[in-house]
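All remarks here apply to the structure that follows.
Taken together, the values in this text are just the output of simple stated rules run on the coordinates, not laboratory data. All values derive from a computational prediction rather than experimental measurement. No Cβ is skipped: glycine too gets one built from the backbone with ideal geometry, and neighbour counts run over all protein chains shown.
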Amino acid sequence: MSASIYPENAVPPSSSSGSLPSWRSSVTFNMRVDQDDQEVALAGMLRPFVGDQMRAIRGTLETAAKNATGELTLDFKRLKYMNNVAFLEINRFVRWAVEERPNLKIRLIISSVIPWAMRKFQVMEELYPNVSVEVYDKALYPIQSVIEDEDFVRVLRTQEKIVYNHERKILHRHGLRPGMKVADIGCGLGDFAVRLNAEYKPEYVTAVDHSRAFLKHAQAHARSLGIENIEYQYGDAAALLIPDDSFDFVSCRLAIQVFHMPDQLMKELCRICKPGGRVYITNEMLACVTGYPDQDLIRMGYRRYLELSRMVGMDFDIGVRTRDLLANAGLEDIRSDLIDINNMNTDPNNFAKVVESWIKFCGDVAASASADPVIFEEIGIGLRAHVSAILSDKGYANWPILAGSGRKPERLMR
Ligand SMILES: C[S@@+](CC[C@H](N)C(=O)[O-])C[C@H]1O[C@@H](n2cnc3c(N)ncnc32)[C@H](O)[C@@H]1O
């Protein structure tokens, strides 16, 4: 069966009451119906004054429910805003479907971007046994609370500074120029946006992260510096609420490695990049960490670290796939650089602090994954050996990160 695509629709507030300001009412949406996958995906803003403004959406949902067998998925994870009128209309549709098609299961996928609606949708699940509700971005980053810890935040700032000191020399080669519209996805504490704002003078930077705690730090930091052209947004990197072809330069640094669907994330980065613009990514290669003395212990520690992180859907060695990720996403003119951080080109005390924080991080991850305690013990031994090597006058210790970028072609073939 073929899929029908509804283009961006803007339904004017034709039936809204004349006494209410019309700018507050808008129903702007994009709807995709895939009959093979029995799925309706709805993106955009649903802010009607009256239910009638949702007529087109109701009609499509009802047709999909009549045609579906077994299970119908309503994918609302890209809905950016929804008011109560819209919610009630969707609820009316669900009630209708439950009565008309009692054997049909309805799977609703929503996003925590609209927190008030999340609770209401969950009530729907309690009311109707055939309805299940999934919060799409809730479990994406299982160790989120671990890294939001205040101690870790301090180390993340140090880590960010260490990496940027190396990165600043290569960003020009990856296409960053003054005056560009830049997006930084998985921005963490937002320091990258602040630093490149000072050095590269972009027109503006939109920085997105999934952590409200980090965004708060980022916003406070930018405010304290009087910066006005950086916008920090809450969002899910794999389903960004950003239109296609929006930015000249899209960066995603040390974030693909903590995400269990790297190719999906790459697709989103490419989608929001303008044709001719560049997507820039960095990721660690922890299987290549080495040092002296105690090279064997260090290598064993990082092998175990990788094992543990993969248990929770992260891959801290995905840096080796950099060129492959960029090429698979359909990008061209691929460039890559090794960011070779080591104890001879970086302040060893700061470097050691970062590695020490990873030991704590691994302890928390091991606990959340109920991992065999031996794994954490071996990680501790290996990473402590790494710290000793970093601080040793005669020692050597590295931390390799691969940076890469590709240009989005005029027509992205995937
Ligand atoms: C290791 S930190 C890197 C932060 C920053 N880019 C840097 O280089 O310091 C990974 C970041 O990715 C964010 N992140 C993870 N999954 C995400 C998702 N699905 N959507 C948005 N951000 C996400 C985390 O909240 C975290 O801030």
Expressed in nanometres to one decimal, the distance between label points 7 Å along Cα→Cβ at residue 177 and residue 324 is 3.3
Under the helix-only model (-39500 (n - 2.57) for each DSSP H run of 4 or more, divided by the residues of the chain), the mean residue ellipticity at 222 nm, to 500 deg cm²/dmol, is -12500 deg cm²/dmol
The extension gain from residue 296 to residue 119, computed as 0.36 nm times the residue separation minus the Cα-Cα distance, is 58.6 nm
Which of 216/408; 80/181; 161/181; 201/274; 169/201; 181/408 exceed 26 Å between C-alpha atoms? The answer is 216/408
Highest mean packing first, using Cβ neighbours within 10 angstrom, the peptides 188-196, 375-383, 389-397 sort as 188-196, 375-383, 389-397
Residue by residue through region 256-265, the couplings from Karplus 6.51 cos²θ - 1.76 cosθ + 1.60 with θ = phi - 60°, in Hz, x for Gly and Pro, are 4, 5, 9, 10, 7, 10, x, 5, 5, 5
Length gained if residue 396 through residue 374 is fully extended, taking 0.36 nm per residue and subtracting the Cα-Cα distance, is 5.3 nm
The long-range amide H neighbours of residue 233, using H built 1.01 Å from N in the peptide plane and a cut-off of under 5 Å, are 207, 208, 209
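Suppose the chain between residue 213 and residue 62 were pulled fully straight at 0.36 nm per residue; how much longer would it get relative to their current alpha carbon spacing?
Result for the pair: 50.4 nm of gain on full extension.
Arranged from highest to lowest average of other beta-carbon atoms within 10 Å per residue, in what order do the peptides 178-186, 60-68 appear?
178-186, 60-68
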In terms of the charge dipole of the chain, which places +1 on Lys and Arg and -1 on Asp and Glu at the beta carbon, the residue among 135, 247, 163 farthest towards the positive end is 247
Computed ³J(HN,Hα) along region 175-185: with the Karplus parameters 6.51/-1.76/1.60, θ = phi - 60°, integer Hz and x for glycine or proline, the list is x, 6, 9, x, x, 7, 8, 10, 10, 10, 9
Long-range share for the chain, i.e. C-alpha pairs more than 40 Å apart as a percent of all pairs, stands at 25
The aspartates and glutamates whose Cα lies under 15 Å from the Cα of residue 353, excluding any fewer than 8 residues away in the same chain, are 150, 151, 160
Descending packing, highest mean Cβ count within 10 Å first, for 281-293, 318-330, 94-106 is 281-293, 318-330, 94-106
